[in-house]
Amino acid sequence: MIIKNARVLTKGRGFDVRDIFIEGNRIVEKSTEDSRIVDKSEKPGEEIDAKGLYAVPGLIDIHFHGAAGNDICDASYDALKSITKYELNRGVMTLCPATMTYSEEILTDVVENIKDFVLKEKDNYSLGEIVGINMEGPFISGKKMGAQNPKYQKNPDIGMFERLLEKSGGLIKLVDIAPENEGAMEFIESCHEKVCISLAHMTADYDTAIKAFEAGAKHMTHLYNAMPGINHREPGPIIAALEKDAQVELIADGVHVHPAMVRFTFNTFKEDKIILISDSMEATGLADGVYQLGGQSVTKRGARAALTEDENTIAGSVTDLYGCFKKAVLDMKVPLEKAVRAVTENPAAAIGIDKDYGSLEAGHYANILLLDDELNIVKRIYKGKMV
């Protein structure tokens, strides 16, 4: 396949008009007609004229809980199939779903079912690809639970994590902890070479967060949410993340973070450290009503989801990553090139899959979205095939 005349984000961070060459499921350097046709009787590959369209990598969401009426922690085959199909249709081709705060027994079933699904569907081009698991709980603060279930909260447990990592077949790519909890620093020092450790759902002050980053943490979960804010005398963990050059997740659904703070983040943190996530839950893509997240009842009203028993507690997002990306650019005025990087290159780097995903450079999977000027999806190419 050749995609011709597309506006492609370059290494210099501008958009240049160029062609994209695809052989099999990968992007390749420019090739001649002879090299693309091994058998001379074979017809030339498909050509797509993308004049006037942006070509961006397929989106990568490293923190979401569900969509289309299903929760990742259900982890049944049908639930995972429904979620991954929905995400692919929305241009989110590569997935690292997040678990919730549950017991080890429940989480073992979740990660084993996800592992089995990944093995069974690894060559299914009609579904988005799960490449990892984000373990958001249970090692978080009991004082900053958000919509997590306090029944299962516990301090960081190295043995529990290692058992779950083994049961998942190595799929756990991110694990969240509150660094102020007992055992947190020992956990970070012991596990940071095995998994990306993210600070999350915490009451930690600046000094504690600094120590956590120096011990090996390098990521921060949904910046601003479920953590102390910035104060001129108590700078807090957000400033620690900035100074220690951590990767930071950001929800741009228009509910979790004010647009001015989204712009502030893109203007303050390094461009390669910001990761847009959806944090979406099962009500995403569905009508208003009562749903669940982490075993707790959640009510969706418009673009907002909150615990049914506490409407002041936001319970995930009901906007998928494509919707967040579009809103960030069109409504929040984030520069397109920065937003593209935040939903492709940066999340790929965060979970260590950037050699294969998140770029339109040669050697990467041919996961490509063609977008018009309003960022509507015109065409989707998934591992070299038109969806």
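Taken together, the values in this text are just the output of simple stated rules run on the coordinates, not laboratory data. No experiment lies behind these values; they were computed from the predicted model shown. We place every Cβ from the backbone using ideal geometry, glycine too, and count neighbours over all the protein chains shown.
The table that follows gives values for the structure above.
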{"quantity": "Nonlocal amide H pairs with residue 28, under 5 Å, H built at 1.01 Å", "calculated": "21, 22, 23, 363"}
{"quantity": "Percent RCO, i.e. relative contact order, over the chain, from Cα pairs under 8 Å lying at least 6 residues apart", "calculated": "19 percent"}
{"quantity": "Mean separation of Cα contacts under 8 Å (6+ apart) over length of region 201-339, as relative contact order %", "calculated": "20 percent"}
{"quantity": "FRET efficiency for residue 189 and residue 232, using Cβ-Cβ distance with R0 set to 30 Å, rounded to 0.05", "calculated": "0.45"}
{"quantity": "Relative packing of peptides 365-372, 112-119 - highest average C-beta neighbours within 10 Å first", "calculated": "365-372, 112-119"}
{"quantity": "Other-chain or far-sequence residues with amide H under 5 Å of residue 204's (modelled H)", "calculated": "180"}
{"quantity": "Listed residues 231, 185, 212: farthest to the positive end of the dipole of region 183-242 (Cβ charges)", "calculated": "231"}
{"quantity": "Expected-Rg normalisation [2.2 N^0.38 Å, Cα atoms] applied to the chain", "calculated": "0.97"}
{"quantity": "Relative packing of 175-181, 64-70, 264-270, which averages over residues the other C-beta atoms within 10 Å, highest first", "calculated": "175-181, 64-70, 264-270"}
{"quantity": "Extension gain from residue 330 to residue 385, taking 0.36 nm per residue of separation minus the Cα-Cα distance", "calculated": "16.9 nm"}
{"quantity": "Value in Å of the Kirkwood radius, where region 302-365 supplies the Cα pairs that are averaged", "calculated": "13.8 Å"}
{"quantity": "Distant-in-sequence amide H partners of residue 133 (H built 1.01 Å from N, under 5 Å)", "calculated": "172, 173, 174"}
{"quantity": "Student exercise, the chain dipole from Lys, Arg, Asp, Glu Cβ charges, in Debye to nearest 20", "calculated": "900 debye"}
{"quantity": "Beta bridges per DSSP with both ends in the chain, % antiparallel, nearest 5", "calculated": "55 percent"}
{"quantity": "Under Karplus coefficients 6.51, -1.76 and 1.60, residue-wise ³J(HN,Hα) of region 58-64 in Hz, glycine/proline x", "calculated": "x, 6, 10, 10, 9, 7, 7"}
{"quantity": "Amide N proximity, region 365-387 versus residue 23 label position 7 Å along Cα-to-Cβ, cut-off under 20 Å", "calculated": "365-368, 382-386"}
{"quantity": "Net charge of neighbours whose Cβ lies under 13 Å from the Cβ of residue 141, counting Lys and Arg as +1 and Asp and Glu as -1", "calculated": "-2"}
{"quantity": "FRET efficiency estimate (nearest 0.05) - Cβ-Cβ, residue 162 to residue 308, R0 51 angstrom", "calculated": "0.90"}
{"quantity": "Neighbourhood net charge (9 Å Cβ-Cβ; Lys/Arg +1, Asp/Glu -1) for residue 25", "calculated": "+2"}
{"quantity": "Point-to-point label distance, residue 356-residue 109, nm (Cα→Cβ direction, 7 Å offset)", "calculated": "3.0 nm"}
{"quantity": "Simple spin-label estimate for residue 271 and residue 47 in nanometres, 7 Å along Cα-Cβ", "calculated": "3.3 nm"}
{"quantity": "Note, ³J(HN,Hα) from phi for region 292-307, Karplus 6.51, -1.76, 1.60, rounded to Hz, x at Gly and Pro", "calculated": "9, 8, x, x, 10, 6, 10, 10, 9, 10, x, 8, 10, 10, 9, 4"}
{"quantity": "Electrostatic dipole magnitude of region 58-169 [Cβ: Lys, Arg +1; Asp, Glu -1; Cα centre; debye, to 20]", "calculated": "320 debye"}
